[in-house]
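The values are calculated or read from the model by the stated rules, or taken from the named source; none is laboratory data. Remember, predicted model here, so these are calculated numbers, not experimental data. Glycine also receives a Cβ, built like all others from the backbone with ideal geometry; neighbour counts cover every protein chain displayed.
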């Protein structure tokens with residue numbers, strides 16, 4: 001999950017329809033799912049952190065700006081109306097989720113090594129909330145070939161692309177055009193955390209990525225010189241139970 005700053009509400013008072021918040025969220029966070037990080041041009045929904053309906057619903061927060069993020073269909077439907085207690089879970093608008101999670105070439109998202117209690121319990125629960133801990137899902141096409149059809153497969157594809165782009169950058173040291181193209185590829189495909197992981201040893205590229213994904217630099221979760229993650233998160237919006245990691 002990419003750490004972000006949502007910022008203050010663009011309106012005085014609550015939104016009459018939560019759907020009206022979408023263009024403001026997109027302008028500040030980009031066309032990316034706040035949970036799985038993939039770029040979603042259509043069907044990117046305004047997601048209520050505290051569910052608006054169901055047994056744990058908070059209808060009083062239905063129009064509240066601070067209760068909104070953006071989510072793809074998969075993450076939104078998996079999260080559904082599950083109970084959300086901020087002090088027991090990690091969220092990208094208030095915690096440095098980049099520190100808590102690691103991304104692998106095989107598409108897995110896992111808790112980072114060495115997390116202290118109670119983060120060791122929070123992180124798996126956070127992954128389960130939106131199904132980021134699910135295994136790869138496969139189906140057969142019309143020719144009987146096995147194909148991957150889910151978020152895990154998309155993360156694997158993003159990793160391969162990021163590695164290919166890194167080879168181009170490494171093979172063309174000092175080539176500004178190649179670096180700009182690399183950032184463009186990252187923005188177009190999403191999966192910020194995968195690109196940051198693949199470019200671990202390139203602070204210049206990582207700084208470009210942090211600046212390219214809206215709302216990330218403003219989160220204060222990355223050192224502007226080294227690009228190392230800052231933990232606990234500064235939580236610039238002063239959200240409840242923020243800065244746990």
- [ ] Would you list the helices (runs of 4 or more DSSP H) that sit entirely within region 158-221 and hold 3 or more residues that are without any contact (Cβ under 8 Å) to a residue 40 or more places away in the chain and buried (at least 18 other Cβ atoms within 10 Å of the Cβ)?
- [x] 176-189, 203-212
Task: Sole exception among (1) out of contact with any strand residue (DSSP E or B) (no Cβ under 7 Å at 6 or more places or on another chain); (2) on the phi < 0 side of the Ramachandran plot; (3) in a loop (DSSP other than H, G, I, E, B); (4) at pLDDT below 95 for residue 144, by number - done: (2)
Open item on the list: Can you tell me which of (1) in contact (Cβ under 8 Å) with a residue 60 or more places away in the chain; (2) over 19 Å from residue 104 (Cβ atoms) is the one residue 154 doesn't meet?
Closed with: (2)
Open item on the list: Can you pull out every residue in region 6-31 that is under 12 Å from the mean Cα position of the chain (by Cα) and part of a loop (DSSP other than H, G, I, E, B)?
Closed with: 30, 31
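Condition check ((1) surrounded by fewer than 19 Cβ atoms within 10 Å (Cβ to Cβ); (2) more than 22 Å from residue 153 (Cα to Cα); (3) more than 12 Å from the chain's Cα centre (by Cα)) across all residues:
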| site | (1), (2), (3) |
| --- | --- |
| 33 | no, no, no |
| 82 | yes, yes, yes |
| 90 | no, yes, no |
| 95 | no, yes, no |
- [ ] Being in contact with a helix residue (DSSP H, G or I) (Cβ under 6 Å, 6 or more places away or on another chain) and either part of a loop (DSSP other than H, G, I, E, B) or exposed (fewer than 15 other Cβ atoms within 10 Å of the Cβ) (or both) is the filter here, so list the residues in region 35-51 that pass it.
- [x] 35, 36, 37, 43, 49, 50
Task: Residue check for residue 74: in contact with a helix residue (DSSP H, G or I) (Cβ under 9 Å, 6 or more places away or on another chain) and within 30 Å of residue 116 (Cβ to Cβ) - done: no
